[in-house]
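Trainee: I have a structure I would like to understand better, so I am pasting it below and will then ask my questions one at a time.
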Number of protein chains: 4
Amino acid sequence: MKLTGIIAYPITPFTADGSQPDLQKLAQSIELLLQNGCDAIAPLGSTGESAYLSFAEWQQVAQHSVQVVAKRIPVIIGISELTTEQAINKARFAAEIGADAIMVIPVSYWKLTDDEIFGYYQAITAEVSLPVMVYNNPATSGVDMSPELIVKMFRGIPQITMVKESTGDIQRMHKIYQLSSGELPFYNGSNPLALEALCAGASGWCTAAPNLLGSLPKELFNQVQAGDLQAAKDNFYRQLPLLNFIVSGGLPKTVKAGLALKGFDVGQPRKPLTAANEQQLATLTRLLNQF
Amino acid sequence: MKLTGIIAYPITPFTADGSQPDLQKLAQSIELLLQNGCDAIAPLGSTGESAYLSFAEWQQVAQHSVQVVAKRIPVIIGISELTTEQAINKARFAAEIGADAIMVIPVSYWKLTDDEIFGYYQAITAEVSLPVMVYNNPATSGVDMSPELIVKMFRGIPQITMVKESTGDIQRMHKIYQLSSGELPFYNGSNPLALEALCAGASGWCTAAPNLLGSLPKELFNQVQAGDLQAAKDNFYRQLPLLNFIVSGGLPKTVKAGLALKGFDVGQPRKPLTAANEQQLATLTRLLNQF
Amino acid sequence: MKLTGIIAYPITPFTADGSQPDLQKLAQSIELLLQNGCDAIAPLGSTGESAYLSFAEWQQVAQHSVQVVAKRIPVIIGISELTTEQAINKARFAAEIGADAIMVIPVSYWKLTDDEIFGYYQAITAEVSLPVMVYNNPATSGVDMSPELIVKMFRGIPQITMVKESTGDIQRMHKIYQLSSGELPFYNGSNPLALEALCAGASGWCTAAPNLLGSLPKELFNQVQAGDLQAAKDNFYRQLPLLNFIVSGGLPKTVKAGLALKGFDVGQPRKPLTAANEQQLATLTRLLNQF
Amino acid sequence: MKLTGIIAYPITPFTADGSQPDLQKLAQSIELLLQNGCDAIAPLGSTGESAYLSFAEWQQVAQHSVQVVAKRIPVIIGISELTTEQAINKARFAAEIGADAIMVIPVSYWKLTDDEIFGYYQAITAEVSLPVMVYNNPATSGVDMSPELIVKMFRGIPQITMVKESTGDIQRMHKIYQLSSGELPFYNGSNPLALEALCAGASGWCTAAPNLLGSLPKELFNQVQAGDLQAAKDNFYRQLPLLNFIVSGGLPKTVKAGLALKGFDVGQPRKPLTAANEQQLATLTRLLNQF
């Protein structure tokens, strides 16, 4: 599995009363990402409100996503669980339904030691043979995995073959590159760092931006690959205000609001998260109108 | 409900195979806290691994705790949930089984705005009439509630009558005192701040320390109340090395290890948390031997 | 030298055109602090704009302060220098004019290692036999000395006999107490922490507050000594709004503004520092009117 | 003045006894930088230990630097002063000796408000007509200037025509670019960010690295300009270990040590700074041997 390019994150649409995922709209949302040239689909990530779904709902979304994509491009299922046991349950399910890989982020209530994190990934990979993308995003998960730990796991756990780094600190990527002698593919998970991460050697960009920005993220990837830095820079600075907006406002809330503004109503995020407020909608309208 | 003194946090014992809570040992653990003069029992807090239990397990522990205490002192049930819906489910259950209060901490994956946090507490208190202790502990929950927000909720939601502040920042307590004109009782949730919080006017100390330190925490409370600062200081500095140890090592892990060293085996914490390692056990043995 | 109580910090008054220190007003300012029961005078501290004076001006202020106090209480001269050489020059001068002690804070442009900091204090004490108060205040100096380093210097350099801790982190004081077995007297340099620091065993409170609050700080010290926590708490919470204001606005600016409001014009702080603005003056007026 | 490329920072050599700058070696050091294709010389920056020099020494170094460069490329004189008055004194001197620009960083003891910082630059530019590069480096100066403030000063003070950003946060550069509509040239002052800053549109790289790395920094600049990202990446990752080393060890100490290892003894940094220790020398030797 040599993944490069844009790994796109669908939102999880809900029915109007919020009681359950709307699978038909999920399919539409995924088709939209496919049309925009995305290279992989990652349902049930942070954007997909994975943490706010019941296990049954999570299973529905995972299964339907795999069916919709139907092997056209790889599907990477997100797993973010507090207990090892439940992470394994989800990993098993992902394997059963034919996902291509899993993206796993440990979640903390009590801080985890490096040994505990290592053990968490080891326990999951002992049960399931899928390739694993390690996902580091301390702002949401409460767990911060150092480049040293990540590379150690890459060396010690064969199924770990990719890492998504979302701290927004480019030095982490430098460190992963150096410690792994360039062997561990890293993917940028911080939208406002996309240009620089790609220039620094990121294999791809994990992002929900294509939901609202169409093929611009993929074009940025291509421009950097082609060494056309001037075009890449222009493209990036054009996207940046919207990227900053969706990150600071929270992805599920702002991406759902943006889709609605574009005419595709995918429901609200789960409570206690609320829909975008008036001011956010005004800003978002202004930002979207620039494209 | 005018709560003062020591609000004690039991661990959640598990059976040897870790598969379920050991209710008999839970009862023993609670009796121990009662014997040491604690003024309230708070099951299913951070120490009680609330976040690592299934809903059914959580219900078992809550119900058994209330039965064991049997109105000898108040029982405050801990609720830490990502979704509003599940927080309400737990609050309802706490009310049904006869708990005296609930201690509620919002948990974040996506950051919550102040309005979303206010809405979270409002939704819960709309469904359940129990008194609510707001619990602020950003290190575990990922949500940091400012003194301004806490006092605003105290003014706007009548059931909110207490706040447990666990940031370890004494200035937060000063601010709560000032903003509420001394009307909102605050409780210290940061063990290494116990002496100063009580001197600054905290109504009590929320702590798992009595599990290992017996009546010393209660004596500290009494010494401060009596104005015997020299005795309070000596007592506090005596406890401090152990308090620092259990906080930095994580409460479930270290308190369970300490109880085992004292001859009361309550099982391991839930994975990915692991039992205390050799070095931690050696330190803990040395620290406990000083009492 | 067994210093306890209130170590008071005079401002450095300037002439109307700001060109030089106004020594007559300096004397008045010091007399005011003496009248309010302060236990030591510390000219040329952070409050005294030491860092903004030429060496000649610094010498004037130091010498005049010693003469004015005239051995009624101890004088501790502040030294904050980037280079070891200039710190030694100032220390020698302090010894020559009969100061009782020096308070020394290393200042960084380039970060200093612990060995470099140790060497800095060692070089100074090799040249001058005065007692030294180590002063830790990373917010102004850019150097943060850990409790471990401070206690190591206390053990290794006999002239170091006191430490002023201004990080505002009460745990630092706990640590100094523990690491030195209670032998190294520590003084609180964080105004909004005064109550708690004294309760935790601080030997005194280093503060500019008596310039505006008269004898209230000294009374707080006495109340804590007497174990009258209720009175101490009332007194502290009464002072706290003003303490927070002068700290967040910057001591030279706010204390000078407060003295002017009380009818004692001591000039402006040195540029680029400016005088308090309209809004600050309004707040300060309101705060001072409460006493 | 349309400056692009490498702005190189010479160290300030001292005589063997450390008592004064060694002007002959300073000249040699500058010639070395010129030979390596640097586009401007910036004496008396952080690397040049500006903050550790007496005014007379500072004047010597400034004057000699201008004479040695002799208009072959621009000379930008560094000014880092606590008081506005002394900053003006230095700016005047820079103008008198024929410097091409000044690089000005405000230094704090007491935190400065945005208005005070604006006033600082305004007061300097009112006295001297040289172009000004605003230099932001909170880690050394204690002053953090936001992109908003920097662009406001660029709009309000005509002589401010460049900014050196050294926080290491690429988002600051994005913000400066956006707020100034790409009109304010920014230069990267964080060595480990060089690749990304140039890709994001930095006009140049302000660095002491050419002292040890010869023409590699200039080649990196050229490679990015040419869109040869693969070569730029290889070059950057080759330099990175050394860049990280000199930054984390402190530039004057490590660059002086590196020059000595390369056979050019330029003396020690000023106390309390010390020479590189054994371990640092061993690491540095290993790193330099790779070129």
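Trainee: Measuring label to label, 7 Å along Cα→Cβ, what does A:Ala282 give against each other copy in nm, shortest first?
Mentor: Spacings between copies for this position, smallest first, are 2.5, 6.4, 6.4 nm.
Trainee: At q = 0.11, 0.12, 0.13, 0.19 Å⁻¹, what is the log10 ratio I(q)/I(0) for the range C:1-80, with the Debye formula run over Cα points and no solvent?
Mentor: Normalising to I(0) and taking log10 leaves -0.25, -0.29, -0.35, -0.73.
Trainee: Taking the Cβ-Cβ separation of C:Gln230 and C:Ala16 as r and a Förster radius of 51 Å, what is the calculated FRET efficiency to the nearest 0.05?
Mentor: Using R0 = 51 Å, I get an efficiency of 0.65.
Trainee: Please compute, for peptide A:139-145, the average count of beta-carbon atoms on other protein chains lying within 10 Å of each residue's beta-carbon.
Mentor: Average neighbour count from other chains, rounded to a whole number: 3.
Trainee: Moving on. On the rotation axis linking copies A and B, which residue of A comes nearest by its Cβ, and by how many whole Å?
Mentor: Per the A/B rotation axis, the closest residue of A reads A:Gly142, 3.
Trainee: Under 20 Å from the 7 Å Cα→Cβ point of B:Asp144, by amide nitrogen: which residues of the range A:237-256?
Mentor: A:247-251
Trainee: Looking only at other chains, what is the average number of their beta-carbon atoms within 10 angstrom of each beta-carbon in B:265-276?
Mentor: 5
Trainee: So, one more: Taking each label point as 7 Å beyond Cα in the direction of the beta carbon, state the distances from B:Gln24 to the same residue in the other copies, shortest first, in nm.
Mentor: When each copy's label point is compared with this one, the spacings are 5.6, 8.9, 9.1 nm.
Trainee: In nm², what is the average projected area of the convex hull enclosing the Cα atoms of the range B:132-291?
Mentor: 10.1
Trainee: Counting only protein heavy atoms, what percent of the accessible surface of chain D is carbon or sulfur at a 1.4 Å probe?
Mentor: 49
Trainee: For D:Lys262, go 7 angstrom from Cα along the Cα-to-Cβ vector, then report the distances to that same point in the other copies in nm, smallest first.
Mentor: 5.2, 5.9, 6.4
Trainee: A follow-up question, please. Which aspartates and glutamates have a Cα lying under 16 Å from the Cα of A:Lys271, excluding residues fewer than 8 positions away in the same chain?
Mentor: Leaving aside aspartates and glutamates fewer than 8 places away in the same chain, those within reach of A:Lys271 are A:Asp17, A:Glu49, A:Glu57, B:Glu81, B:Glu85, B:Asp114, B:Asp115, B:Glu116, B:Glu127.
Trainee: Could I ask something else about it? Using per-residue counts of other Cβ atoms within 10 Å, averaged over each peptide, order C:233-239, D:178-184 from highest down.
Mentor: Going by the mean number of other Cβ atoms within 10 Å, highest first, we get C:233-239, D:178-184.
Trainee: For the range B:5-214, what does the relative contact order come out to in percent, with C-alpha contacts under 8 Å and a separation of six or more?
Mentor: Computed over the range B:5-214, the figure is 19 percent.
Trainee: While we're here: Please compute how much accessible surface disappears when C pairs with D, both sides summed, using a 1.4 Å probe, and round it to the nearest 100 Å².
Mentor: Result for this pair: about 2600 Å² buried.
Trainee: What percentages make up the Cα-Cα pair-distance distribution of the range C:5-288 when the bins are 10 Å wide from 0?
Mentor: Bin by bin from 0 Å, the calculated values are 7, 30, 38, 22, 4, 0.
Trainee: Between A:Leu216, A:Gly142, A:Pro10, whose Cα lies farthest towards the positive end of the dipole of the range A:5-228 when Lys and Arg beta carbons carry +1 and Asp and Glu beta carbons carry -1, centred on the Cα centre?
Mentor: A:Leu216
Trainee: Next up: Based on alpha-carbon centroids, what's the gap between the range D:132-160 and the range A:88-104 in Å, whole number please?
Mentor: Value for the Cα centre distance between the two parts: 50 Å.
Trainee: Cross-link candidates for C:Lys2: which aspartates and glutamates have Cα within less than 13 Å, leaving aside residues fewer than 8 places away along the same chain?
Mentor: C:Asp39, C:Asp100, C:Glu183
Trainee: Taking only protein heavy atoms into account and a 1.4 Å probe, give the accessible area per residue of the protein assembly as shown in Å².
Mentor: 34
Trainee: Are there cysteines in chain A with no second cysteine's Cβ under 4.7 Å away, and if so, which?
Mentor: A:Cys38, A:Cys206
Trainee: For the range B:5-214, what proportion of DSSP beta bridges, expressed in % and rounded to the nearest 5, is antiparallel?
Mentor: Within the range B:5-214, antiparallel bridges account for around 5 percent of the total.
Trainee: Viscosity 0.692 mPa s, temperature 37 °C: give me the Stokes-Einstein translational D for the range C:158-222 in µm²/s, with Rh taken as the Kirkwood radius over C-alpha pairs.
Mentor: 272
Trainee: Got a sec? Charge dipole of chain B, +1 on Cβ for Lys and Arg, -1 for Asp and Glu; which of B:Ser50, B:Leu23, B:Phe93 is way out at the positive end?
Mentor: B:Leu23
Trainee: Please work out the C-alpha center-to-center distance from the range B:165-205 to the range A:11-72 and express it in whole Å.
Mentor: Each part's Cα centre sits 45 Å from the other's.
Trainee: With Kirkwood's inverse mean 1/r over C-alpha pairs for Rh, give me the Rg to Rh ratio of the range A:44-190, two decimals please.
Mentor: 0.94
Trainee: Here is a further query. So if I restrict to the alpha-carbon atoms in the protein assembly as shown, what is the Rg, and what is Dmax, the biggest pairwise distance, in Å?
Mentor: In Å, with Rg to one decimal and Dmax whole: 31.4, 90.
Trainee: Which translational diffusion coefficient, to the nearest whole µm²/s, is obtained for the range B:221-278 from the Stokes-Einstein equation, given a Kirkwood hydrodynamic radius over C-alpha pairs, 4 °C and 1.567 mPa s?
Mentor: It diffuses with D of about 99 µm²/s by this estimate.
Trainee: Threshold 20 Å², probe 1.4 Å: give the residues of the range A:226-247, in number order, that are less accessible with all protein chains present than with their chain alone.
Mentor: A:Gly227, A:Leu229, A:Lys233, A:Tyr237, A:Leu240
Trainee: Follow-up question, since we're still on this one. Quick one: of A:Lys175/D:Lys218; C:Lys90/C:Lys111; C:Lys71/C:Lys218; D:Lys152/D:Lys175; D:Lys25/D:Lys253, which pairs are farther than 18 Å apart, Cα to Cα?
Mentor: A:Lys175/D:Lys218; C:Lys90/C:Lys111; C:Lys71/C:Lys218
The values are calculated or read from the model by the stated rules, or taken from the named source; none is laboratory data. Keep in mind the model is a prediction, meaning the values are calculated, not measured. With ideal geometry, Cβ positions are generated from the backbone for all residues, glycine too; neighbour counts draw on all protein chains shown. Surface areas here come from the heavy atoms of the whole protein model, side chains and all, with no ligands, DNA or RNA. Shrake-Rupley method; radii C 1.70, N 1.55, O 1.52, S 1.80 Å.
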